[in-house]
Amino acid sequence: MAEGLRERKKRETRQRISDIATGLFLEHGFVTVTIADVAEAADVSVNTVYNYFPAKEDLFLDRSRGVVDRLSRWVRARDAGESAAAAVLRELRDEVEAVSPRVGLFEGYDRFMKVIQDAPPLRSRLWAIQQEVQENLEATLREETGAADDDPMPALIAGQLNWLHQTVMGTIGRAMIAGRDRNEVSRETLVLLDEMEGLLSEKVLNYAVRGAG
C-alpha cells in the first residue's frame, strides 16, 4: 500500500528529530544534551520527542532497529545446502569486503562510537541490543530446525554466531576510533573472519543446513 500523507509526515518528523539529536550528541556529548535541547533545536515540544522516542537512548541508537534481526534475516535467507553459520560468514564477508557502512566502515563512525564510549547509558543499551540480536537468532534457529523447547543447540549456536558478529563489529569500531584507514581495516577484518571460522567446530559449521527442496 502506498504511504499516506499523514504517515509520510510522521516518518519525516521522526527522521528529522533523530538527525538533529544525533548532530547534537556528536557535537556536545550524549550526557550533556537534554531532551529539551533536542526539542528546541527541532522546533517541536518535548512531548512530541517522547511520542517518537520513549527514551533518550532511542534518539541516538535509532538505526539499531535494523541490527536487531540482522542475523536472523541472514539465516532465513540462506541458500539451499548452506548452513546457518555459512550464511552469516558469507554475509559478514560481503559487507566487510564491500567496505560497507552497515558494519561501521565509513568516515565519522569513530565519532559515533566515541559518543557511546563516553556514555554509560548508551553502552548499556548497546549491550541490551546485542542480547536481543542473540535471542532473535535463537528463536529463528528453533523455528528453522523444528528444535524442541528444551533443546539447547539453538541457544548454543546463536551464541557462536552472535560472537562472530560482535567480534567483527567491535574490531571495526576500535580500529575506526583509532583513526585507521577503512580499507585497511576491511582487509584485516577479512583475515580475522578466516581465523574465527577456523575456531568453529564442524557441529556449528554444519548446523541448520537448508535442504534442496
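Structure notes:
- Kyte-Doolittle mean at least -0.5, axial Cα span of 27 Å or more - DSSP H helices of the chain: 153-177
- Helical mean residue ellipticity (222 nm; -39500 (n - 2.57) per DSSP H run of 4+; nearest 500) of the chain: -22500 deg cm²/dmol
- Think of the range 67-183 as a dipole: +1 on every Lys or Arg Cβ, -1 on every Asp or Glu Cβ, centred on the Cα centre; then among Ala158, Thr171, Leu137, Thr171 lies furthest on the positive end.
- Taking label points 7 Å from Cα along the Cα-to-Cβ direction, Lys10 and Leu190 give a separation of 4.4 nm.
- Local electrostatic count at Gly104 - Lys and Arg +1, Asp and Glu -1, tallied over other residues with Cβ under 12 Å: +3
- Amide H partners (placed H, <5 Å) of Val209, local residues excluded: Ala84
- Computed on the chain, with alpha-carbon pairs under 8 angstrom and 6+ residues apart, the relative contact order is 27 percent.
- Only protein heavy atoms count here; under a 1.4 Å probe, Ser83 has an accessible surface of about 10 Å².
- Cα centroid separation, the range 96-129 to the range 135-212 (Å): 18 Å
- Gyration tensor (alpha-carbon) shape descriptor, the range 79-213, a/c threshold 1.5: oblate
- Distance (nanometres) between label positions extended 7 Å along Cα→Cβ at Arg93 and Ala55: 3.7 nm
- The listed residues His165, His28, once ranked by accessible area (1.4 Å probe) with the largest placed first, stand as His28, His165.
- Taken along the Cα-to-beta-carbon direction at a fixed 7 Å, the label points for Ser45 and Ala139 span 3.4 nm.
- Dipole magnitude (debye, nearest 20) for the chain, charges at Cβ of Lys, Arg, Asp, Glu: 540 debye
- Amide H within-cut-off set for Arg78, under 5 Å, with H built and near neighbours excluded: none
- Length gained when the stretch Thr32-Glu82 is fully extended (0.36 nm per residue, less Cα-Cα span): 13.2 nm
- Lys, Arg +1 and Asp, Glu -1 on Cβ, resulting dipole of the range 32-129 about Cα centre, debye, nearest 20: 360 debye
- The listed residues Trp74, Trp163 rank as Trp163, Trp74 when sorted by accessible area, largest first, using a 1.4 Å probe.
- Taking 0.36 nm per residue of separation and subtracting the Cα-Cα distance, full extension of the segment from Asp150 to Ala128 would add 5.5 nm.
- Surrounding net charge for Asp43, when Lys and Arg each add one and Asp and Glu each subtract one, Cβ distance under 15 Å: -1
- Positive-pole candidate from Val75, Val115, Leu193, dipole of the chain, charges at beta carbon: Val115
- Cα gyration tensor shape of the range 4-69, rounded if a/c is under 1.5, else prolate or oblate by comparing a/b with b/c: oblate
- Three-way shape call for the range 173-213 based on the alpha-carbon gyration tensor, with the a/c threshold at 1.5: prolate
The values are calculated or read from the model by the stated rules, or taken from the named source; none is laboratory data. Predicted, not measured: the structure shown is a model, and the values here were computed from it. Counting neighbours? That spans all protein chains shown, and the Cβs are built from the backbone with ideal geometry, glycine included. Heavy atoms of the whole protein, side chains included, go into the accessibility calculation; ligands, DNA and RNA do not. Shrake-Rupley method; radii C 1.70, N 1.55, O 1.52, S 1.80 Å.
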